[in-house]
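As structure tokens, the structure follows; a few thoughts come after it.
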Amino acid sequence: MTTHDMKAQIRALQLCLTADKRPLGFLLGAGCPLAIRVNAGGSDEPLIPDIKGLTTLVRGKLDSDADHKTVRTALDDVCKEDGITAPTVENYLNLLRNINAVGGKSAVRGIAPEQALKTDRRICQLIKGEVDK
């Protein structure tokens, strides 16, 4: 049986599902959502974007709000200082949560904990809107 023979793979899966003594496991990678493609405005795009696409979307939406744009710019500055040349939403959320954990009212690395919390919530809201499909 070759790994590219779909019928053989389906038969093997059916055998595993009918036999109560055979162990069965599914390993799904982080790229699975990229396999589902949709036609969006004439172009073939993934149903759920990868981390790079998600970051681009989040950056664009944060930049449409002046308060969030200021924080996003500060996040990029902090990432640049830390040697992160292409920050992702994961980098943003880690930084925002660390700043919020410090607490207080004073800015940490140019971002106040209150701003960090608001931007964290907004990013999570944007991510949820994209991946909840």
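Under the condition of being of a type outside the set (S, T, N, Q), without any contact (Cβ under 8 Å) to a residue 40 or more places away in the chain and on the phi < 0 side of the Ramachandran plot, which residue from the stretch 99-111 is surrounded by the most Cβ atoms within 10 Å (Cβ to Cβ)? Quick ask: steps written out before the conclusion?
We begin by selecting, within the stretch 99-111, every residue of a type outside the set (S, T, N, Q); these are 99, 101-105, 107-111.
Now narrow it down to the ones that are without any contact (Cβ under 8 Å) to a residue 40 or more places away in the chain: 99, 101-105, 107-110.
Within this subset, residues satisfying the condition of being on the phi < 0 side of the Ramachandran plot are 99, 101-102, 105, 107-108.
On the way: 99: 26, 101: 10, 102: 12, 105: 7, 107: 15, 108: 17.
Filtering the stretch 99-111 for residues that are of a type outside the set (S, T, N, Q), without any contact (Cβ under 8 Å) to a residue 40 or more places away in the chain and on the phi < 0 side of the Ramachandran plot, the one surrounded by the most Cβ atoms within 10 Å (Cβ to Cβ) comes out as 99.
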When residue 102 is evaluated against the numbered criteria (1) under 19 Å from residue 31 (Cα atoms); (2) modelled with pLDDT under 90; (3) β-branched (Val, Ile, Thr), which criterion, by number, is the only one it fails?
(1)
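In the list 130, 114, which residue meets the criterion of being in contact (Cβ under 8 Å) with a residue 24 or more places away in the chain, assigned to a helix (DSSP H, G or I) and surrounded by 12 or more Cβ atoms within 10 Å (Cβ to Cβ)?
Working: 114 fails: in contact (Cβ under 8 Å) with a residue 24 or more places away in the chain.
Sole residue among the options that is in contact (Cβ under 8 Å) with a residue 24 or more places away in the chain, assigned to a helix (DSSP H, G or I) and surrounded by 12 or more Cβ atoms within 10 Å (Cβ to Cβ): 130.
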All-but-one check, residue 61 against (1) of a type outside the set (A, V, I, L, M); (2) farther than 28 Å from residue 132 by Cα; (3) touching a residue at least 60 places away in the same chain (Cβ under 8 Å), failing number (2)
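Yes/no matrix, rows are residues, columns are (1) in the same structural domain as residue 110 (by TED's automatic domain parsing); (2) at pLDDT 85 or above:
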site	(1), (2)
14	no, no
28	no, no
37	no, yes
63	yes, yes
72	yes, yes
80	yes, yes
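Considering the stretch 67-98 alone, what residues qualify as being among the aliphatic types (A, V, I, L, M), under 16 Å from residue 54 (Cβ atoms) and surrounded by fewer than 17 Cβ atoms within 10 Å (Cβ to Cβ)?
Going through the stretch 67-98, the residues among the aliphatic types (A, V, I, L, M) turn out to be 71, 74-75, 78, 84, 86, 89, 93, 95-96.
Next cut, under 16 Å from residue 54 (Cβ atoms) only: 75, 86, 89, 93, 96.
Of everything in the stretch 67-98, just one residue is among the aliphatic types (A, V, I, L, M), under 16 Å from residue 54 (Cβ atoms) and surrounded by fewer than 17 Cβ atoms within 10 Å (Cβ to Cβ), namely 86.
The values are calculated or read from the model by the stated rules, or taken from the named source; none is laboratory data. Because the structure is a prediction, the values reported are computed rather than measured. Cβ sites come from the backbone with ideal geometry, for glycine too, and all protein chains shown count toward neighbours.
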